[in-house]
Amino acid sequence: MQLCCFCLVALIPLAACSQMKTITWREQVKLSDGQIIVVERTATFRNVYAGGTGNGWLFQRERIKAVLPPLNKEVVWEGGLEPLAIDVAKNGEIYLVAIAETSQGQEEYSIGDTRHAAFKFSGSGQWIRTPVESVPHEIHPNLLIDRVTLFIDHGYSASTVVDLSLKEKLNAAIFTKSYKSWPTK
């Protein structure tokens with residue numbers, strides 16, 4: 001009996017580990033000036049029960065790493081929001097716009113009903129929160145949105161760079177307006 005209880009207790013951490021999935025991939029990103037760069041992204045999801053549809057994957061955190069002009073040095077952002085765009089404005093400032101996928105993300109970043117947050121990369125290497133409405137109009141969503149369908153549901157190899165045409169096709173299937181734009185001035 002004690003051995004049986006020990007086995008059950010020992011298996012609990014293993015079951016918890018299988019409830020998380022982390023995916024790392026690279027994708028082509030077209031900047032507002034037409035340049036194409038490759039970024040590296042890592043997203044973590046938690047397995048959740050999704051009602052009548054069975055299990056699903058709930059976004060937890062993401063990390064994005066890119067070498068962007070004009071700095072030509074690596075910038076990294078990490079947080080509990082889903083990035084929609086990373087780009088360089090005409091004046092050379094680097095912006096990242098993201099959306100809260102979960103109430104946890106909304107609380108962590110004190111995000112209101114729009115669910116969007118914007119960040120500007122400072123010269124000291126930090127991301128500074130900035131009003132979404134201040135993001136220059138030339139910056140639009142340019143990142144892959146539906147990672148679960150591509151990598152988990154369809155088993156696309158994360159070792160292959162997601163090119164612009166595949167990303168455009170996948171993102172076109174997203175009908176929610178909040179993923180295609182954010183509040184502007």
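The values are calculated or read from the model by the stated rules, or taken from the named source; none is laboratory data. Everything quoted here is computed from the prediction, not taken from an experiment. Glycine gets a Cβ as well: all are built from the backbone with ideal geometry, and neighbour counts include every protein chain shown.
Table for the structure above
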{"item": "Residue tally, condition small (Gly, Ala, Ser), within 17 Å of Thr184 (Cβ to Cβ) and not in a strand (DSSP E or B), over segment 104-118", "result": "1"}
{"item": "Single unsatisfied condition, Asn91 versus (1) modelled with pLDDT of 85 or more; (2) crowded, with 18+ Cβ neighbours inside 10 Å", "result": "(2)"}
{"item": "Yes/no for Gly56 being surrounded by 12 or more Cβ atoms within 10 Å (Cβ to Cβ) and under 29 Å from Met20 (Cα atoms)", "result": "yes"}
{"item": "Pair list, Cβ < 6 Å and 6+ apart or interchain, from segment 102-127 residues that are closer than 19 Å to Ile64 by Cβ to residues that are at pLDDT below 85 and part of a loop (DSSP other than H, G, I, E, B)", "result": "His116/Trp182"}
{"item": "Residue list for segment 119-150, restricted to those being surrounded by 14 or more Cβ atoms within 10 Å (Cβ to Cβ) and in a loop (DSSP other than H, G, I, E, B)", "result": "Val135, Pro136, Ile139, His140, Pro141, Asn142, Leu143, Leu144, Ile145, Asp146"}
{"item": "Residue match in segment 85-103 (condition: part of a helix (DSSP H, G or I), over 15 Å from Glu27 (Cβ atoms) and not aromatic (Phe, Trp, Tyr))", "result": "yes"}
{"item": "Test for Val162: is it closer than 14 Å to Thr24 by Cα and touching a Phe, Trp or Tyr at 6+ places or on another chain (Cβ under 7 Å)", "result": "yes"}
{"item": "Residue ranges of strands (runs of 3 or more DSSP E) in segment 36-80 with at least 2 members free of Cβ contacts under 8 Å to residues at least 12 places away in the same chain and under 23 Å from Gly123 (Cα atoms)", "result": "73-79"}
